[in-house]
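This report concerns only the one structure given below.
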Amino acid sequence: MKKHKILIIGAGGQLGSELTQGLWKLYGKENVIATDIKDPQGILSQGNFEILDVLKQKNLFDFIKKNEITQIYHLAAVLSATGEKNPKFAWHLNMDGLIHVLDAAVEYKLDRVYWPSSIAAFGPTTPKQDTPQDTIMDPTTIYGISKQAGERWCEWYHRKMGVDVRSLRYPGLIGYKTKPGGGTTDYAVDIYFKAITDKKFECFLQPDTYLPMMYMDDAVKATLDLMEAPAEKVKIRSSYNISSMSFSPAEIAEEIKKRIPDFTISYQPDFRQAIADSWPKSIDDSAARKDWGWNHQFGLEEMTEEILKNLPALLAQEA
Ligand code: AKB
């Protein structure tokens, strides 16, 4: 059996730290190297961790060669809200980072590459309900434009260079173990923290702003299921729609109130409202379900139950 040696780039982020643990379970800690540009926080320091900047192409190539890497999960990116504040850097990291990884896949004949796309690749004239797999894509943020362009690059490297690159268009990802940074959907993470620490939350989106969302455990499962699928089942080489739930700030607040009755929410929409308004409200992920058997486990109720059960102990440990 061929030995896997897995490199995770951007492992310190919200998805990266949980995906790293999923990969440890699947392949063994000794076969996974987590990397980021910053020192490891929390659980990541319990496995192989190294500093690596994907923008330094020679360092990346040398690293892959030296460690005999066979698969890369490339997660390093600037998200939607932060990207609007520093658009040139967002483009540089999101595009050049991806192209370095795809070139490395060709150079070192990697088995597989994973790269995340996002619902941000859609835009204001995309159909908003049950957004189809193939549809109008007119993203308005630099992050979204980089995801749309990245999808085309992935497809091109697959078609022309034979790279086995796989991708998911993530909705807003919600976890409680690591705080997210710079996304428009991130209010739905922050709200749980504030519900526990302050019993109140000021939301930067309006109460009725519906967005597609996903609990972190489902996102990790989707990613690993896609990467484990036989190549012939992965028919889409741009990026797969995936979905599990959609909700508004008012609805998540209601769900929290069922468990923390004195919790209150107020609304102060800012520039992120326009970003959220340009994105789909719900996603049709039938292609992922049909091609490689995707199915989700968590809805809003189960996710809220799980987070509010576990987060207080985590916050107490940190205090
Ligand atoms: C963001 O809000 O920027 C991200 C995303 C939807 O990709 N969470």
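Table for the structure above
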quantity	calculated
The chain: angle of helix 249-259 to the longest principal axis, Cα-based, in degrees nearest 10	70
Per residue, the convex hull volume that the Cα atoms of segment 127-190 enclose (Å³)	130
Rounded to the nearest 20 debye, dipole of the chain from Cβ charges on Lys, Arg, Asp, Glu	820
For Val32, residues with placed amide H under 5 Å, excluding near neighbours	Ile6
Trp156 accessible area, assembled protein chains, probe 1.4 Å, Å²	90
Value of relative contact order over the chain, rounded to a whole percent, pairs C-alpha under 8 Å and six or more apart	18
Heavy-atom accessible area order for Glu302, Glu255, largest first, 1.4 Å probe	Glu302, Glu255
Diffusion constant of segment 240-319 at 37 °C, which comes from Stokes-Einstein with the Kirkwood Cα-pair radius and 0.692 mPa s, µm²/s	212
Average accessible surface area per residue within the chain, 1.4 Å rolling probe, Å²	43
Under 5 Å, built H, 5+ apart or other chain: amide partners of Met213	Gly172, Ser244, Met245, Ser246, Phe247
Most to least accessible of Lys290, Lys194 (protein chains only, probe 1.4 Å)	Lys290, Lys194
Beta bridge orientation in the chain: antiparallel %, DSSP, nearest 5	10
Equivalent ellipsoid semi-axes, segment 1-157, via Cα gyration tensor eigenvalues times 5, rooted, Å	28, 17, 16
Hz values of 3J(HN,Hα) by residue in segment 21-31 - Karplus curve (6.51, -1.76, 1.60), Gly and Pro given as x	5, x, 6, 4, 5, 6, 10, x, 3, 5, 9
Karplus-derived HN-Hα couplings along segment 132-142 (A = 6.51, B = -1.76, C = 1.60, θ = phi - 60°), whole Hz, x at Gly and Pro	x, 4, 10, 7, 5, 10, 9, x, 10, 9, 5
Under the Karplus curve 6.51 cos²θ - 1.76 cosθ + 1.60, θ = phi - 60°, whole-Hz ³J(HN,Hα) for segment 236-243, x wherever Gly or Pro sits	9, 10, 7, 5, 8, 4, 9, 8
For segment 12-63, convex hull of alpha carbons as volume per residue, Å³	77
Built amide H within the under 5 Å cut-off of Tyr267, gap 5+	Cys203
Shape parameters for segment 155-279, alpha-carbon atoms, Rg then Dmax in Å	17.5, 58
Convex hull of segment 79-236 built on C-alpha atoms - directionally averaged projected area, nm²	10.6
Over 20 Å between alpha carbons, listed pairs Lys5/Lys177; Lys199/Lys258; Lys128/Lys257; Lys221/Lys290	Lys5/Lys177; Lys128/Lys257
Whole-percent carbon and sulfur share, accessible surface of the chain, 1.4 Å	51
Crossing angle, helix 216-228 versus the chain [Cα axis fit, 0-90 degrees, rounded to tens]	20
Prolate/oblate/rounded label for segment 97-149 (Cα gyration tensor, a/c 1.5)	prolate
Principal axis dimensions, the chain - Cα atoms, whole angstrom, descending	56, 45, 38
With 5 Å bins from 0: P(r) over segment 50-101, alpha-carbon pairs, percent	4, 20, 27, 23, 13, 8, 4, 1
Set Lys281/Lys309; Lys58/Lys85; Lys38/Lys88 screened for pairs whose C-alpha atoms are more than 23 Å apart	Lys281/Lys309; Lys58/Lys85
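The values are calculated or read from the model by the stated rules, or taken from the named source; none is laboratory data. Worth saying up front: this structure is predicted, and the values here are computed from it rather than measured. Methodologically, a virtual Cβ is constructed for each residue, glycine included, from the backbone with ideal geometry; neighbour enumeration extends over all protein chains shown. Only protein heavy atoms, including side chains, enter the accessible area calculation; ligands, DNA and RNA are left aside. Shrake-Rupley method; radii C 1.70, N 1.55, O 1.52, S 1.80 Å.
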